[in-house]
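What follows is a set of notes on a single structure, which appears directly below.
The values are calculated or read from the model by the stated rules, or taken from the named source; none is laboratory data. What you see is a predicted model; the values in this text were computed from it and never measured. Note that each Cβ is placed from the backbone with ideal geometry, even for glycine, and that neighbours are counted across all protein chains shown.
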Amino acid sequence: MSYYFIAIGGTGNKILESLVYACAADALFTVGANGKREPIPVLNALIVDVDAACGNTTRARQASEQYEQVRSAFAASPAPHKGFHTALSVERWNMNLARRAASVDDMTLNYRRDRLLAQTLFSHTEAGLEYSEGFRGHPDLGVLFFAEMLNNLGDAAAQGQPDEMVTTLNRMQRELDAGETVKVLLAGSIFGGTGASGIPSVARYLRNCFSNYTDRFILSAVLMLPYYDVPAAAVDETLEIAVKSSAFPDKARTALQYYGMEGMVRSDEDDTRGLYDALYLLGLPKEAFVTTRVYSTGSQTQENDAHLLEWLAARCAARFYRTGFRGSEARNMDVYYYQWHSHDVSWECFDDEAALYHNAYGGLAKAAALFLGECYPTLRACIRKDDRRLARTVNYWTAYFHDVKHYGVTQRAQLEKLFDALYRLLAFYINWLWQVLRTLPPTLRPEKEIELRGRELFDVYHALVDQQADTLRYKASPAAGLDGATPGAGDYARLRARLDELIPVVGGRTFLAVLQGEKTGRFEKLEAQRQALTEQDVKIARLEAEDAARMDPNALREEKARREGMLRAYAGMEDRLALVNADIARAVEKHVADVPATLTDDEPSGNHLFNPGAISAMRELLRQYGADSASRDRQAVETLRKALWDGFPRTVSQRVPDRVTAVQAVAGLGGGNGIGEGPQADFAGFTAALLACVMEEDNL
Amino acid sequence: MPKTAAVSPKTHNRTKVLLCYILCWGIALLLPYLGLKTLYPYKLAGTAPTLSPQITALLPAAAGETAALSVGTDPAALQNALSVRDQQWRMVVGAAVAAAWLASLVWQLLWRARYVHPRQAARAALRARRSYRWSMLGIGAVNLLAATALYLVGISRIADRGLWDYLLYFGGFLLVPVAAALCSRLAAPPAISGRHAYFRRL
């Protein structure tokens with residue numbers, strides 16, 4: 001059996017990153033005859049993304065490279081170890097963009113009829129968009145591109161040009177010819193550009209390529225439905241294509257309608273028209289969306305935070321790889337939705353894999369805490385600075401690196417490189433965890449302080465606008481009496497004072513967002529009232545047109561009186577909207593957006609997976625380690641290291657703290673022995689002991 | 001040399017530590033005891049110095065029993081008096097060694113207790129190494145003090161002191177620091193000890 005993963009677009013690569021950690025945790029496994037979990041030996045991943053510089057793609061590649069360095073050290077050493085059993089081979093499909101047409105305009109440059117067709121189908125900006133930064137959420141452009149790419153694959157292969165996709169296809173072909181089963185999983189979003197266009201194109205191409213091997217070629221896809229918002233674009237949409245969150249649901253709906261077509265998911269083993277053997281759909285309701293930190297249409301800046309759904313997508317991948325789809329298991333061919341059974345995020349949410357995930361992912365976090373908080377500075381001093389005093393005294397150095405004193409420069413450099421790989425892998429993992437916890441869906445976590453204050457600000461401002469409008473109307477015509485109500489000056493002062501208190505707490509930007517939200521809400525209300533007024537006018541006109549004898553005169557009077565009331569309300573709404581607009585103008589003039597917030601949103605949310613404080617401490621420690629020595633705050637480093645040491649048993653959330661404390665873990669580390677000789681063996685021995693010391697006994 | 005042992009992290013080695021303590025400190029106490037009990041009658045019988053009355057008053061043997069030494073008429077009484085004096089002297093020597101042993105053991109255990117639950121292992125190991133050296137100096141001083149006191153109280157009054165005298169009376173004070181050093185280096189807390197490390201793991 002061989003396993004393939006094709007990551008398409010930015011979201012596909014985010015899923016690939018979460019798969020890297022799944023490999024480290026041995027979460028990709030099959031179940032052996034004896035019921036034991038057997039980690040899959042090799043996962044071949046192919047990155048399909050036209051945006052070569054996409055931040056998410058780069059991150060996934062770097063994480064997989066570090067993982068492979070650590071894993072290959074394990075593979076070269078006979079030391080038994082927990083995790084890191086799945087080899088991850090990641091290739092990026094270099095589409096040779098430099099030699100291809102860069103846009104629809106380029107593609108149709110020499111073909112008049114094609115150009116006319118393109119002008120009909122695409123706007124000027126769409127046709128001029130260069131592919132090298134992705135399709136900016138336009139799958140119609142992507143479909144065209146992928147059609148050309150895939151149709152020319154045969155030519156590339158015939159000409160002997162190196163092409164990663166061709167190499168992958170050839171490997172699949174060889175394995176299928178050898179009688180092996182090949183499982184291919186595609187992953188990406190269906191509300192963006194590359195994923196939405198690439199997944200169906202590549203899937204159809206693969207199915208056609210291996211149409212003679214339907215008994216052994218198993219194809220599936222993880223389709224991500226909208227699960228986040230992007231901030232509003234600050235670009236001129238007439239000149240540049242902007243990505244809008246508001247378009248995500250429509251795009252997803254269109255794509256799902258396409259996928260819902262007959263023949264998309266195979267009905268049984270003999271179905272030759274069907275495309276996928278299984279489809280996994282993952283998404284969130286609108287109220288559970290989080291907004292990404294930065295607006296980006298592609299390139300390096302497109303480095304969106306990791307999300308819980310990508311972790312779940314990796315779990316779907318694991319499920320696909322261990323599920324049979326042929327013979328007696330053909331009933332598994334279906335469309336799968338992820339069912340979430342609780343209102344929070346905890347290890348129990350991983351159902352029958354809760355213990356595995358708790359031990360493996362939790363163990364990795366604990367290994368990171370011990371490594372970063374305790375071991376890393378010592379190991380670095382022993383290797384780089386050759387600190388012999390430390391090297392003779394510290395137990396976790398002497399137990400595994402006793403021979404290092406006899407090493408030459410090359411071997412020392414090799415050891416240092418391996419430690420750098422472990423450090424970077426753990427840094428990637430901690431950063432990923434931090435992002436997952438930070439972007440937890442609001443419906444699955446307790447409200448953050450800044451969100452609470454933001455909501456209060458919205459309520460206070462709403463009440464304040466009403467109060468101001470009532471006061472203005474009262475001043476304009478006190479005789480009208482506002483239905484007998486007198487606006488309270490005390491209330492106004494209280495609301496204003498509270499508003500002034502809240503703005504610095506949540507920051508000027510949030511206040512501007514509140515103003516915009518209020519404006520939108522008021523405008524929508526005004527429009528609804530305008531519509532109601534029009535309908536009322538029509539109603540009155542109809543009544544007036546009727547025969548006076550047949551009409552009740554009171555009814556017409558009542559309808560007119562009602563219209564008067566509606567007009568008054570409409571005027572009030574107009575006043576309120578004008579007040580909001582004036583406030584927005586004032587806020588912009590006063591540069592309110594520059595007011596910093598005392599509360600920050602940059603912290604992981606409360607959850608039942610990891611201690612947010614520990615994850616933040618590790619992230620901050622990494623930031624400090626990464627800073628140059630002049631700007632490093634040594635006191636902060638010491639405080640963080642001590643906090644990680646003391647909080648070690650509470651790094652992973654559970655009812656009672658872990659029984660293994662940092663002292664016991666280091667004691668275990670010092671009690672291990674290296675196996676084999678050479679830098680790789682030394683490193684593998686240490687890392688295996690590190691993982692063994694922090695993970696529970698009954699894991700993996 | 002190829003390393004063949006499997007990776008099996010051991011978080012503690014309590015039994016080995018206990019055995020090490022029993023063995024080291026036991027030997028440090030047992031050898032002087034055996035020396036005084038079995039070697040003394042053969043090699044140094046009758047050589048005990050006359051102790052000052054303030055000391056003999058603290059000892060369980062009656063002061064009157066040693067009076068025969070000054071009278072010196074009855075050989076049996078003289079024999080008995082010499083035997084009582086030897087016994088008293090051996091008790092003084094034993095008490096001095098035991099006191100030094102106990103003080104050293106307490107000191108060493110206090111040192112160990114400081115590093116059972118260290119905060120930050122590498123730094124704690126360096127601190128433990130430094131404080132181990134200071135504690136060995138302290139334990140050495142305690143034993144030197146006890147040996148000096150014993151010398152002043154009695155050994156200096158022994159005429160024609162030979163090798164056996166020094167070996168038997170000072171041997172215990174040499175064994176106690178050795179026991180302390182061995183226990184510190186071989187039975188240190190697991191968080192600061194390990195294979196090939198300054199504090200070895202048994």
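For segment A:351-360, does any single residue satisfy the condition of being buried (at least 21 other Cβ atoms within 10 Å of the Cβ) and at the interface with chain B (Cβ under 10 Å from one of its Cβ atoms)? No - not one qualifying residue is present in segment A:351-360. State whether the residues of segment A:641-656 include one that is charged (D, E, K, R), under 23 Å from residue B:195 (Cβ atoms) and either crowded, with 21+ Cβ neighbours inside 10 Å or in contact (Cβ under 8 Å) with a residue 12 or more places away in the chain (or both). Looking through segment A:641-656, none of the residues is charged (D, E, K, R), under 23 Å from residue B:195 (Cβ atoms) and either crowded, with 21+ Cβ neighbours inside 10 Å or in contact (Cβ under 8 Å) with a residue 12 or more places away in the chain (or both). For residue A:176, the criteria (1) part of a helix (DSSP H, G or I); (2) modelled with pLDDT under 80 hold in every case but one, which is (2). Among the residues of segment A:680-694, the ones that are more than 19 Å from residue A:372 (Cβ to Cβ), more than 7 Å from chain B (Cβ to nearest Cβ) and crowded, with 24+ Cβ neighbours inside 10 Å come to 2 in all.
Residues are listed down the side, and each one gets a yes or a no for (1) of a type in the set (Ser, Thr, Tyr); (2) touching a Leu at 6+ places or on another chain (Cβ under 7 Å); (3) modelled with pLDDT of 80 or more:
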{"site": "A:55", "(1), (2), (3)": "no, no, yes"}
{"site": "A:58", "(1), (2), (3)": "yes, no, yes"}
{"site": "A:64", "(1), (2), (3)": "yes, yes, yes"}
{"site": "A:77", "(1), (2), (3)": "yes, no, yes"}
{"site": "A:82", "(1), (2), (3)": "no, yes, yes"}
{"site": "A:86", "(1), (2), (3)": "yes, yes, yes"}
{"site": "A:92", "(1), (2), (3)": "no, no, yes"}
{"site": "A:97", "(1), (2), (3)": "no, no, no"}
{"site": "A:104", "(1), (2), (3)": "no, yes, no"}
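Checking each residue in segment B:149-198 for being without any contact (Cβ under 8 Å) to a residue 60 or more places away in the chain, in a helix (DSSP H, G or I) and within 13 Å of chain A (Cβ to nearest Cβ) picks out only B:185.
To keep it simple, each residue is scored yes or no on (1) β-branched (Val, Ile, Thr); (2) part of a helix (DSSP H, G or I).
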residue: A:117; (1), (2): no, yes
residue: A:120; (1), (2): yes, yes
residue: A:140; (1), (2): no, yes
residue: A:145; (1), (2): no, yes
residue: A:161; (1), (2): no, no
residue: A:168; (1), (2): yes, yes
residue: A:171; (1), (2): no, yes
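Applying the set (1) in contact with a Leu (Cβ under 7 Å, 6 or more places away or on another chain); (2) touching a residue at least 60 places away in the same chain (Cβ under 8 Å); (3) within 14 Å of chain B (Cβ to nearest Cβ); (4) not hydroxyl-bearing (Ser, Thr, Tyr) to residue A:365 leaves exactly one unmet item: (3). Among the residues of segment A:184-204, those that are assigned to a helix (DSSP H, G or I) and not hydroxyl-bearing (Ser, Thr, Tyr) comprise A:195, A:196, A:198, A:199, A:200, A:202, A:203, A:204. The helices (runs of 4 or more DSSP H) found wholly in segment A:587-700 and carrying at least 1 residues that are over 33 Å from the mean Cα position of the chain (by Cα) and under 29 Å from residue A:356 (Cβ atoms) occupy A:662-671, A:679-694.
A single member of A:380, A:392 is surrounded by fewer than 22 Cβ atoms within 10 Å (Cβ to Cβ), at pLDDT 90 or above, within 12 Å of another protein chain (Cβ to nearest Cβ) and in contact with a His (Cβ under 9 Å, 6 or more places away or on another chain), and it is A:392.
When the residues of segment B:89-132 are filtered to those that are surrounded by fewer than 20 Cβ atoms within 10 Å (Cβ to Cβ), among the small types (Gly, Ala, Ser) and within 13 Å of the chain's Cα centre (by Cα), the one that is nearest to the other protein chains (Cβ to nearest Cβ) is B:103. Within segment A:661-672, the set of residues being crowded, with 20+ Cβ neighbours inside 10 Å and either within 7 Å of chain B (Cβ to nearest Cβ) or out of contact with any Cys (no Cβ under 6 Å at 6 or more places or on another chain) (or both) comprises A:662, A:663, A:664, A:666, A:667, A:668, A:669, A:670, A:671, A:672.
In summary, residue B:201 fulfils each of the numbered conditions (1) within 14 Å of chain A (Cβ to nearest Cβ); (2) farther than 30 Å from residue B:126 by Cα with the single exception of condition (2). The set of residues in segment B:9-63 being surrounded by 13 or more Cβ atoms within 10 Å (Cβ to Cβ), more than 19 Å from residue B:93 (Cβ to Cβ) and away from every other protein chain (no Cβ under 14 Å) consists of B:19, B:20, B:21, B:23, B:24. Restricting segment B:68-79 to residues that are surrounded by 12 or more Cβ atoms within 10 Å (Cβ to Cβ) and at pLDDT below 75 leaves a set whose member that is farthest from residue B:157 (Cα to Cα) is B:68. Please specify each residue of segment A:666-700 satisfying the condition of being of a type in the set (A, V, I, L, M) and within 20 Å of residue B:202 (Cβ to Cβ). Answer for segment A:666-700, where residues must be of a type in the set (A, V, I, L, M) and within 20 Å of residue B:202 (Cβ to Cβ): A:666, A:667, A:669, A:689. The condition of being part of a helix (DSSP H, G or I), at pLDDT 95 or above and either crowded, with 21+ Cβ neighbours inside 10 Å or out of contact with any Ser or Thr (no Cβ under 6 Å at 6 or more places or on another chain) (or both) holds for residue A:314.
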